[in-house]
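Contents: one structure, followed by commentary.
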Amino acid sequence: MARRFDSGLRGLFPDDAVGPAPVPDELRQIAAELPPSLRLGTSSWSFPGWAGLVYDRPASPRVLAREGLAAYARHPLLRAAGIDRTYYAPIGAKVLAEYAVQVPGDFRFLVKVPAQVVDPVTRDAHGRALERNLSFLDSGWAAEFSVAPFVEGLADRAGVLLVQFPPLGREITREPARFAGRLARFLEALPRGVPYAVELRDREILGPDYAEALAAGGATHCLSVHPRVPRPAEQRGYLALGPGRLIVARWMLHSGHAYEEAREAYAPFDRLVEEDPESRQSLADLLASAVRAGQTAILIANNKAEGSAPLTCFRLAGAVAALLREGRGGVSGGPRTGA
């Protein structure tokens with residue numbers, strides 16, 4: 001089903017503003033084949049290297065942060081975006097509302113809960129641990145400074161609120177059941193009716209207690225492609241694949257690289273440097289399964305996954321369209337209760 005997104009955005013692009021890059025016919029055809037329930041997007045949108053892929057001209061990160069979103073949202077295969085800056089500090093409903101008015105009505109945002117709630121320690125400007133974080137898993141703080149702005153500011157463009165934990169340290173990972181209990185209480189105390197997802201960076205926590213915590217809190221597992229967690233196929237059992245449930249995935253970092261190493265190797269993010277066909281096929285199968293089951297799915301890709309997040313999305317979209325065309329992509333069962 002092809003999208004209609006031009007009419008609501010007329011007048012957003014004065015002659016001197018960043019505009020959308022031309023979209024090849026092949027990508028328009030792939031977009032027309034994908035159902036509206038599947039949304040692909042990238043982590044942020046302010047990358048100068050995307051000129052010609054997403055934007056019609058080179059521009060600085062500062063200009064793209066201000067002007068790029070409206071142009072980004074014109075691409076028929078980019079129907080979602082991550083707002084990563086909220087991890088470092090909360091932003092208010094007014095700022096989120098300013099984002100929302102720049103995109104079509106069927107666009108969705110993934111927003112992170114701040115580190116103040118998900119990191120067990122406070123950190124200095126260089127990321128070094130300082131002391132125990134007294135706001136760790138504080139549901140009251142999260143409800144006021146994260147959930148409320150998310151709901152009020154984004155309204156119907158609110159896709160998912162992501163509770164992304166950093167590596168938690170041995171003190172926590174050696175007692176996964178205890179952490180799962182705290183997570184369950186945190187999720188249960190948050191306002192209802194909001195789409196929550198949880199993303200981990202510690203494979204030790206994945207297990208039956210974690211699955212039960214998600215079920216108790218009404219959240220879904222965010223499948224992450226990252227060297228610190230199992231490959232996508234091993235995480236699928238934690239996804240709630242019942243009818244109508246939201247599927248969330250993030251393709252973050254190529255195996256074998258640290259974040260800073262990948263950034264240096266892949267900049268300026270204008271091409272695929274190290275493709276990951278195994279992850280692409282696994283994610284394509286997952287997304288095809290989800291849409292064939294009538295589910296909603298959001299996948300966010302990072303430049304550090306393969307070298308260029310938009311190109312990662314475009315290749316993945318083509319793989320999903322091919323599976324749907326061929327009638328492939330089986331439907332998995334419900335959430336796993338054992339590790």
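If only residues of the stretch 28-43 that are surrounded by fewer than 19 Cβ atoms within 10 Å (Cβ to Cβ) and assigned to a loop (DSSP other than H, G, I, E, B) are counted, the one that is farthest from the chain's Cα centre (by Cα) is Pro35.
Residue count for the stretch 137-154 under the criterion of being surrounded by fewer than 20 Cβ atoms within 10 Å (Cβ to Cβ) and either farther than 20 Å from Ile300 by Cβ or at pLDDT below 95 (or both): the result is 9. Of all the numbered requirements in (1) farther than 26 Å from Ala177 by Cβ; (2) touching a Leu at 6+ places or on another chain (Cβ under 9 Å), Pro227 misses one, and that requirement is (1).
When residues in the stretch 99-116 are screened for being more than 18 Å from the chain's Cα centre (by Cα), free of Cβ contacts under 8 Å to residues at least 60 places away in the same chain and either part of a helix (DSSP H, G or I) or under 19 Å from Pro76 (Cβ atoms) (or both), 1 of them pass. One residue is enough: does the stretch 129-137 have a residue meeting the conditions within 21 Å of Tyr88 (Cα to Cα), within 20 Å of the chain's Cα centre (by Cα) and in contact (Cβ under 8 Å) with a residue 12 or more places away in the chain? Looking through the stretch 129-137, none of the residues is within 21 Å of Tyr88 (Cα to Cα), within 20 Å of the chain's Cα centre (by Cα) and in contact (Cβ under 8 Å) with a residue 12 or more places away in the chain. In the stretch 44-98, the residue that is nearest to Val18 (Cα to Cα) out of those that are assigned to a helix (DSSP H, G or I) and among the basic types (Lys, Arg) is Arg66. Cβ-Cβ distances below 8 Å connect the following pairs, each with a first residue in the stretch 160-174 that is polar (S, T, N, Q), a second residue that is in a strand (DSSP E or B), and a separation of six or more residues or different chains: Gln164/Lys112; Gln164/Val198; Gln164/Glu199; Gln164/Cys222. Restricting to the stretch 177-200, and then to whatever is among the charged types (D, E, K, R) and assigned to a helix (DSSP H, G or I), can you tell me which residue is farthest from the chain's Cα centre (by Cα)? Among them, the one singled out is Arg178. All of (1) under 27 Å from Ala148 (Cβ atoms); (2) among the charged types (D, E, K, R); (3) at pLDDT below 95 hold for Arg182 with one exception: (3).
Which of (1) among the hydrophobic types (A, V, I, L, M, F, W, C); (2) more than 17 Å from Ile298 (Cβ to Cβ); (3) in contact with a Phe, Trp or Tyr (Cβ under 7 Å, 6 or more places away or on another chain) is the odd one out, the single condition Ala216 does not satisfy? Every listed condition holds for Ala216 apart from (3). In the stretch 267-295, the qualifying residues are those that are surrounded by 21 or more Cβ atoms within 10 Å (Cβ to Cβ) and either part of a loop (DSSP other than H, G, I, E, B) or among the acidic types (Asp, Glu) (or both), and the one that is modelled with the highest pLDDT is Phe269.
Of the helices (runs of 4 or more DSSP H) that lie entirely inside the stretch 201-266, those containing 2 or more residues that are among the hydrophobic types (A, V, I, L, M, F, W, C) span 208-217, 259-266. Pick from the stretch 175-199 the residues that are touching a residue at least 24 places away in the same chain (Cβ under 8 Å) and out of contact with any helix residue (DSSP H, G or I) (no Cβ under 8 Å at 6 or more places or on another chain): which of them is surrounded by the most Cβ atoms within 10 Å (Cβ to Cβ)? If we take residues in the stretch 175-199 being touching a residue at least 24 places away in the same chain (Cβ under 8 Å) and out of contact with any helix residue (DSSP H, G or I) (no Cβ under 8 Å at 6 or more places or on another chain), then Ala197 is surrounded by the most Cβ atoms within 10 Å (Cβ to Cβ). In the stretch 119-136, the residue that is surrounded by the most Cβ atoms within 10 Å (Cβ to Cβ) out of those that are in contact with a helix residue (DSSP H, G or I) (Cβ under 8 Å, 6 or more places away or on another chain) and in a loop (DSSP other than H, G, I, E, B) is Phe136.
Among the residues of this structure, Ser146 counts as one that is among the hydroxyl-bearing types (Ser, Thr, Tyr), within 30 Å of Ser37 (Cα to Cα) and either free of Cβ contacts under 8 Å to residues at least 40 places away in the same chain or in a helix (DSSP H, G or I) (or both).
The values are calculated or read from the model by the stated rules, or taken from the named source; none is laboratory data. None of these values were measured; they are calculated from a predicted model. Note that we place each Cβ from the backbone using ideal geometry, even for glycine, and neighbour counts take in every protein chain shown.
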